[in-house]
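Novice: One structure, as structure tokens, below. Some questions next.
What follows draws every value from the coordinates through simple rules; no lab data is involved. This structure is a prediction, so every number in the text was calculated from the model and none was measured. All Cβ positions, glycine included, derive from the backbone under ideal geometry; neighbour counts span all protein chains shown.
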Amino acid sequence: MLPRTYEGQDCSLARSLEVIGERWNLLIVRSALLGAGRYDEFLRQMPIPRNVLADRLGRLVELGVMRRVVYQEKPVRHEYPLTPMGRELTVAVVALMQWGDRNLPVELGPPRQARHIGCDGAVQVRLGCASCGRDLHEDEVEVRRAR
């Protein structure tokens, strides 16, 4: 059985998984990107147990992915907008959506699409070289130790 944490892993991916690796966390982020912000909105978008949602929202706030903001005083109710750090996960969410659409397609086509607000064009995550600016294919990339 795999451990629940990635302590001792000298890896940016392992550190990222500490934040979003639990399956519900990334689905909560996806729901926030789809417009959910309030507890009941998250419950409507996914079949998550209430206690698990409360726990995961608290953890995402603690980690800085979301904020907890009061929107009603009596009774006190909160909404959970993404922070800038949380909004950056758009790239990971769209990349995973693209991967799923290519490799795990469903008969009716993609259930969700990422669209550019400015022109309604399809959004694509691409690999690019920071040095020469070229778009790259997966075969042109190697992952190696930086030090």
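Novice: Count charges around residue 97 for me, please; just the other residues with Cβ under 11 Å from its Cβ, Lys/Arg as +1, Asp/Glu as -1.
Specialist: +2
Novice: OK, next. What's the angle, to the nearest 10 degrees (0 to 90), between helix 50-62's Cα axis and the longest principal axis of the chain?
Specialist: The answer is roughly 60 degrees.
Novice: Please give the direction-averaged projected area of the C-alpha convex hull for segment 1-125, in square nanometres with one decimal.
Specialist: If you wrap the Cα atoms of segment 1-125 in a convex hull and average its projections, you get 10.2 nm².
Novice: Still on this model: Would you kindly derive the ³J(HN,Hα) couplings of segment 9-17 from the backbone phi angles with the Karplus curve 6.51 cos²θ - 1.76 cosθ + 1.60 (θ = phi - 60°), listing them in order in whole Hz, with x for Gly and Pro?
Specialist: My calculation for segment 9-17 gives 8, 8, 7, 4, 5, 4, 5, 5, 5 Hz in order.
Novice: Using the crude model of +1 on Lys and Arg Cβ and -1 on Asp and Glu Cβ, and no other charge, please compute the dipole size for segment 1-138 relative to its Cα centre, in debye to 20.
Specialist: Dipole about the Cα centre, nearest 20: 340 debye.
Novice: What does the charge dipole of segment 61-147 about its Cα centre add up to, to the nearest 20 debye, if the Cβ of each Lys and Arg holds +1 and the Cβ of each Asp and Glu holds -1?
Specialist: 400 debye
Novice: Just to be sure I understand: with springs between alpha-carbon atoms less than 10 Å apart, which residue in 31, 16, 131 has the highest mean-square fluctuation in the Gaussian network model of the chain?
Specialist: The residue that fluctuates most here is 131.
Novice: Skipping prolines and chain starts, which residues have an amide H placed within reach, meaning under 5 Å, of the one on residue 38, given they are 5 or more residues away or on another chain?
Specialist: Placed amide hydrogens put 80 under 5 Å from residue 38.
Novice: Hey, another quick one. Rank by packing, highest mean first: peptides 133-139, 123-129, 61-67, 84-90, with packing defined as the count of other Cβ atoms within 10 Å averaged across residues.
Specialist: 61-67, 84-90, 123-129, 133-139
Novice: Using the Cβ atoms and a cut-off under 11 Å, what net charge is assigned to the surroundings of residue 52, where Lys and Arg are +1 and Asp and Glu are -1?
Specialist: Taking every Cβ under 11 Å from that of residue 52, the sum is +2.
Novice: Let me ask something else. I'd like the orientation of helix 23-33 relative to the chain: the angle between its Cα long axis and the longest Cα principal axis, in ° from 0 to 90, rounded to 10.
Specialist: In the chain, helix 23-33 runs at an angle near 80 degrees to the longest axis.
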